[in-house]
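Okay, structure first, notes after.
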Amino acid sequence: MEISSVNEILSWLSNGQAGFGSDQDMESKLRSLKELTRNKQNAEPLYTSSSFSLLYKFAFAAAPESLVAADEAKRCLANALTLEDRCVPIFLHTNGFDSMFKLGSSTIGNCSFQDEFLYARIMFLVTGKRGASIRDDLEKYRIPLTQILGQWLARHWLQIQDEQTNQSPDMDTSPRHTALMETLKLCFNISLFHPQVLKSAFPIEGYEDSESLLLAVITHLRKCPAHGAWAAIPHSVNLLTTVGNTQNNTKKASTYTAVFQLLYEYVDAMLEKTQWHTIQIADDHIIPLLTVISNIYLSYEADQEAQDYIKALFLIPSAERAVPLGRSNSSQAKILQLMNSSGPQTRDSISTFLYQVSDSDPKQFVENVGYGYAIGFLTSKGIALAPDDLPAECDGRAINPVTGQDIEAEEYEQAQRGLSEMTEEEKEIEAERLFVLFERLEKNDIINVKNPIQQAVDEGRFQEM
């Protein structure tokens, strides 16, 4: 039924009836087409050269009868490119770029943020799904691409500065931010397959290269009061890691030292200024950023200095081992606490990040986070540790491998605070934690003694405890 409706709309548009109807009729037809073709099966009639050529007449009209209709046609194209891979060669074979760029670089470069999002989305999908073979097309359209990207990046930079100083956190800037993110994603694809296109867009607003501008963008985005701006930071960093590969070693090192510090400050700001423990906040802001940091860390496998810098920023320092790891109020401790999040994506992403920053070494991982935090992740990955592999010290000082706490500090703490000083709730929490921990240790043959909590239950002494 839906497919027949799609065919009817395409027929209505192609037979010229759109020219005899009102703008509202045209908008309504294209809006219905957009909604119907969100389903891949329904959209099958759209996956043809004739349908794409028809949509170009509305999406890329030099003087569209209706701007709304033009945008709906662009969304139909984006839907098709998203759902069906064979639509990318259709777009190229029907000269989709020619149809788009005939509007002129100035027109596209100065379009609304909503249109920028749609243009960038279409180009992102085409460049991303085409892969390295898109290079010839990027070279063919190099001049309009560099002009358009230069205009888009320049105005975003000016808007970011304005937003930082003049806007309040509750102002709706979503069209601007979604456009920025889509443009950054497009720039990322272009930097992979034809970096010279992006380089040719500079200088922009006094910045000679993309690295310098992106550093400024990241710095200012972090200070923007509107949280929607923060979502663009991972895309900025992702792009920076790609364009940074062309730098000389000296510039590369100085650039990434600044980037690492900015990333840490951003994570710290997220943990301080928001309810960092909520799953949605972690998934939307912290997890994407830590994923990018992991990628940066892995890309610097041969650069020990860069990796050590990341470790110093994101791993708990020795000074915090006076208490069990994760018990302090530092950003590193809060990141560690997210390993126990009730959200599986947050829990797994944080654990993977800390494991990779521990050089994917199980023993180093346990030393950095404590066996109590590490065991769940290691077990889920099928990684076993022998008793002799548990770290006994860190930086020359004996530690409790389970909690990561300095042994001397632990003994002092125990002497100062006995069981009698604990509240009933604290006793229950501690008993439950120890029960689960001993079960895991015994199951993995790390210890061979009876679980004292289980023994207390068997002997009827649990209430006494």
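The values are calculated or read from the model by the stated rules, or taken from the named source; none is laboratory data. These numbers come from a predicted model, not from an experiment. Don't worry about glycine lacking a Cβ; one is built from the backbone with ideal geometry, like all the others, and counts go over all protein chains shown.
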Within segment 29-79, take every residue that is under 30 Å from the mean Cα position of the chain (by Cα) and of a type in the set (Lys, Arg) and give me the one that is surrounded by the most Cβ atoms within 10 Å (Cβ to Cβ).
LYS74
For segment 115-147, the count of residues that are closer than 26 Å to LEU83 by Cα and surrounded by 15 or more Cβ atoms within 10 Å (Cβ to Cβ) equals 22
Contact list, first residue from segment 251-277 and closer than 17 Å to LEU315 by Cα, second anywhere and modelled with pLDDT of 55 or more and among the hydroxyl-bearing types (Ser, Thr, Tyr), beta-carbon distance below 7 Å, six or more apart or interchain, is THR257/TYR309; PHE260/TYR309; LEU262/THR219; VAL267/SER331; ASP268/SER331; LEU271/SER331
Select from segment 53-67 the residues that are closer than 19 Å to GLU116 by Cβ, part of a helix (DSSP H, G or I) and of a type in the set (Gly, Ala, Ser) and list them in ascending order.
ALA59
